[in-house]
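Remarks on the structure that follows.
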Amino acid sequence: MSETLTILGLESSCDDTAAAIVRKSTGTAPEILSSVVHGQNDLHAAFGGVVPEIAARAHAEKLDISVEEALAESGIKLSEIDAIAVTAGPGLIGGVLSGVMCAKGLAAGLGIPLVGVNHLAGHALTPRLTDQVAYPYLMLLVSGGHCQFLIARGPDEFTRLGGTIDDAPGEAFDKTARLLGLPQPGGPSVETVARSGDPKRFAFPRPLMDRPGCDLSFSGLKTALLRARDAIIAEKGGLTEQDRADLCASFQEAVVDVLRKKTERALKEYLALSPDNPVLAVAGGVAANSAIRAGLETVCAKYQTQFTAPPLKLCTDNAAMIAYAGLERFQAGHQDDMHLAARPRWPLDKRAPAMLGSGKKGAKA
């Protein structure tokens, strides 16, 4: 007998308020029935980055609206929802708490199961939502706050091969944009400006390339760009548009080189497991960068490994990935109750040693 599950997902870990409905029947591919995302770029633009308190208030105002819109878009009634999946961490605690409380209210009111989802697992399982990739596969999770190589073995089973020891690539892109007077979010701005730049003009460092392993670092790269910018200003009295383009292009090429080299190392470790159909998947907001994708595709071609990346709208934060991750956890027998807590930190690989986040606030992932 075919079993059909319809899951409502909620996401509010940073500055996107999202709701989505995903349905899956036994033996068929999952289907995204609706996906609603309300961004907050306008609210944070004047501050050069996300302000946690502003984000939390916006989530509280938009979550119920997002749910209503997701239901309307899908044509599904609340009574047809089998479970509620919600991001329970990691993220900005005010936003995560807003989503968890909304999900608890819906689950209690409807009398249906509640499933807490690790936001990073949502990104990591997206290739299974979009391309039905089989376990195990190698995942490069590269976003605004996180960067790590993972072997995905199951919905709750991840092996971390390496990750960033300081800034994530998304943070570095955002800070680069601020240093050069470009609008936020920094990733798309830097990528756009870099298209008209010379990537060879500035010899920026490739951090940790001379060390073994798959760990990454981007803080020093950002500092090198700051010094190059200041040197130009001291010499010319300001930056020309071409200076900005060359700085962006050189910075982006350095990031691509680092990710390409570290991905090659991670891929060798993964291939040592002799997977039947080797796959490298990339997800997270920075996965939308075309130069990074092209670099990773080159590595995959070299090692005869399939490369897959979600559609651009599923690279950035969304609730469809949370709904699907919740669906997999629910099918595996996992449920939460009203004691589900919002967590600012939540590592995917619980056996790996903690990695320090920016500002040494604790384990990022």
Exercise. Exactly one of (1) open to solvent by less than 30 Å² (accessible area, probe 1.4 Å); (2) farther than 27 Å from Pro127 by Cα is unmet by Val51. Its number?
Worked result: (1)
Problem set entry | Which listed residue is closer than 21 Å to Ala341 by Cα, at pLDDT 95 or above and not acidic (Asp, Glu), from Gly94, Gly75 | Gly94
Problem set entry | Top-ranked residue of the range 285-295 - restricted to ones that are over 19 Å from Ser217 (Cβ atoms) and among the hydrophobic types (A, V, I, L, M, F, W, C), ranked as surrounded by the fewest Cβ atoms within 10 Å (Cβ to Cβ) | Ala294
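Please pick out the residue among Gly213, Gly220 that is in a loop (DSSP other than H, G, I, E, B), closer than 29 Å to Asp317 by Cα and more than 20 Å from the chain's Cα centre (by Cα).
Values: Gly220 fails: in a loop (DSSP other than H, G, I, E, B).
From the options Gly213, Gly220, the qualifying one is Gly213.
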Exercise. Across the range 250-279, what is the total count of residues that are over 19 Å from Leu161 (Cα atoms), outside any loop (DSSP other than H, G, I, E, B) and open to solvent by 10 Å² or more (accessible area, probe 1.4 Å)?
Worked result: 2
Problem set entry | Residues of the range 110-160 satisfying the condition of being among the acidic types (Asp, Glu), closer than 23 Å to Gly213 by Cα and in contact (Cβ under 8 Å) with a residue 12 or more places away in the chain | none
Exercise. Looking at Ala56, is it at pLDDT below 95 and either within 20 Å of the chain's Cα centre (by Cα) or in a helix (DSSP H, G or I) (or both)?
Worked result: yes
Problem set entry | Residue ID - nearest to Gly122 (Cα to Cα), chosen from residues in the range 14-26 that are in contact with a helix residue (DSSP H, G or I) (Cβ under 8 Å, 6 or more places away or on another chain) and at pLDDT below 95 | Cys14
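Go over the candidates Arg201, Arg178, Arg206, Arg153 one by one and state the one that is in a strand (DSSP E or B) and either open to solvent by 40 Å² or more (accessible area, probe 1.4 Å) or hydroxyl-bearing (Ser, Thr, Tyr) (or both).
Among Arg201, Arg178, Arg206, Arg153, only Arg153 is in a strand (DSSP E or B) and either open to solvent by 40 Å² or more (accessible area, probe 1.4 Å) or hydroxyl-bearing (Ser, Thr, Tyr) (or both).
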Exercise. What are the pairs, 6+ residues apart or on separate chains, where a residue within the range 328-350 that is touching a residue at least 24 places away in the same chain (Cβ under 8 Å) has its Cβ under 9 Å from a residue that is in a loop (DSSP other than H, G, I, E, B) and polar (S, T, N, Q)?
Worked result: Arg329/Gln335
For this session: Taking the residues in the range 156-175 that are in a helix (DSSP H, G or I) and charged (D, E, K, R) as candidates, determine which candidate is surrounded by the fewest Cβ atoms within 10 Å (Cβ to Cβ).
Result: Lys175
For this session: Taking the residues in the range 209-241 that are of a type in the set (A, V, I, L, M) and within 14 Å of Val255 (Cβ to Cβ) as candidates, determine which candidate is most open to solvent (accessible area, probe 1.4 Å).
Result: Met209
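In this structure, does Lys313 turn out to be crowded, with 19+ Cβ neighbours inside 10 Å, among the basic types (Lys, Arg) and either within 29 Å of Ala29 (Cα to Cα) or touching a strand residue (DSSP E or B) at 6+ places or on another chain (Cβ under 9 Å) (or both)?
No; evaluated as a whole, the condition is false for this residue.
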For this session: Consider Val282 carefully, then state whether it is open to solvent by less than 60 Å² (accessible area, probe 1.4 Å), modelled with pLDDT under 95, in a helix (DSSP H, G or I) and within 28 Å of Phe149 (Cβ to Cβ).
Result: no
Exercise. What is the number of the single condition among (1) modelled with pLDDT of 95 or more; (2) touching a Gly at 6+ places or on another chain (Cβ under 7 Å) that Pro344 does not meet?
Worked result: (1)
For this session: Kindly establish whether Ala320 is open to solvent by less than 10 Å² (accessible area, probe 1.4 Å) and either without any contact (Cβ under 8 Å) to a residue 40 or more places away in the chain or closer than 30 Å to Thr192 by Cβ (or both).
Result: yes
For this session: State yes or no: is Ala19 in contact (Cβ under 8 Å) with a residue 60 or more places away in the chain, closer than 22 Å to Glu69 by Cα and not polar (S, T, N, Q)?
Result: yes
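The values are calculated or read from the model by the stated rules, or taken from the named source; none is laboratory data. Because the structure is predicted, anything quoted here is derived from the model rather than measured. With ideal geometry, Cβ positions are generated from the backbone for all residues, glycine too; neighbour counts draw on all protein chains shown. Ligands, DNA and RNA are excluded from the accessible area calculation, which covers all protein heavy atoms including side chains. Shrake-Rupley method; radii C 1.70, N 1.55, O 1.52, S 1.80 Å.
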